[in-house]
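S.K.: Have a look at this one before I ask anything.
The values are calculated or read from the model by the stated rules, or taken from the named source; none is laboratory data. This one's a predicted model, so the numbers in the text were calculated from it and none came from an experiment. Positions of Cβ are generated from backbone atoms using ideal geometry, with glycine treated the same way; all protein chains shown enter the neighbour counts. When the accessible area is computed, the model is the full protein with side chains, heavy atoms only, and any ligands, DNA or RNA have been set aside. Shrake-Rupley method; radii C 1.70, N 1.55, O 1.52, S 1.80 Å.
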Amino acid sequence: MAVSISVVVVIVSLHLLAFVLAIGAERRRSTAKVVPDQYDEYDYCVYASDASTAYGLSAFGLLLISQTVVNGVTKCLCFGKGLVRSRMRSVAVFFFVLSWISFLGAEACLLAGSAKNAYHTKYRGIYGGNELSCETLRKGVFAGGAALTLISMAASIVYYVVHLKADTGGWERHENGLSMTSLENPEQGGVGRFEKL
């Protein structure tokens, strides 16, 4: 089976969109400041924009769709016909595992970052009591998700291409069957074709 350019384009575009959204989420993390209420009895936190939560969840969804496309096309390495035993099979398995590890890491960063960013401290602290600390997301959580998204993209593309090469085992499709080589025709005095009809 030949490499489908449309599948590669879908994988790359979904991963790159997820990457851009993860970077946007990192740049738009919530910030907070402590403000006293109108009676100066309680302090509370005022948070800025929640845009990074939406960006992080959107990146999470796009990355999930991309991983589903890759594993749907390759039948998740577990289903369908087995791969031909070769070095390509080992490389395909390596990149399959790498794509899943980086995918799970990126999804964990994006989901945890979105959840933590959406958490807002409410009223806490009485005037003259303990200092109020507004909970915010640490810097770098979405950036880590973005970096793992790029690693996942590279591993998924290499896995897809190598899987297709290991899937065919070097056989090429022809109109009248499968052949290993395209040697000369025996009627012309050359070597015959090995065909599997």
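S.K.: How large a share of the accessible area of the range 7-53, in percent, is made up of carbon and sulfur atoms when the probe is 1.4 Å and the other protein chains stay in place?
M.R.: Of all accessible area on the range 7-53, carbon and sulfur atoms account for 60 percent.
S.K.: Can I ask one more? If you average over every viewing direction, what projected area does the convex hull of the Cα atoms of the range 1-113 give, in nm²?
M.R.: For the Cα atoms of the range 1-113, the hull's average projected area reads 9.2 nm².
S.K.: Still on this model: Quick one: net charge around Gly145, please, counting Lys, Arg +1 and Asp, Glu -1 for every other residue with C-beta under 10 Å from its C-beta.
M.R.: Neighbourhood net charge equals -2.
S.K.: May I ask you to derive the FRET efficiency for Val10 and Ala51 from their Cβ-Cβ distance with R0 = 30 Å, giving the value to the nearest 0.05?
M.R.: Efficiency computed from Cβ-Cβ geometry: 0.70.
S.K.: Taking only protein heavy atoms into account and a 1.4 Å probe, give the accessible area per residue of the range 1-115 in Å².
M.R.: 56 Å²
S.K.: Still on this structure, I have one more. Which of the peptides 155-164, 90-99 is most tightly packed, and how do the rest follow, going by the mean number of other Cβ atoms within 10 Å of each residue?
M.R.: 155-164, 90-99
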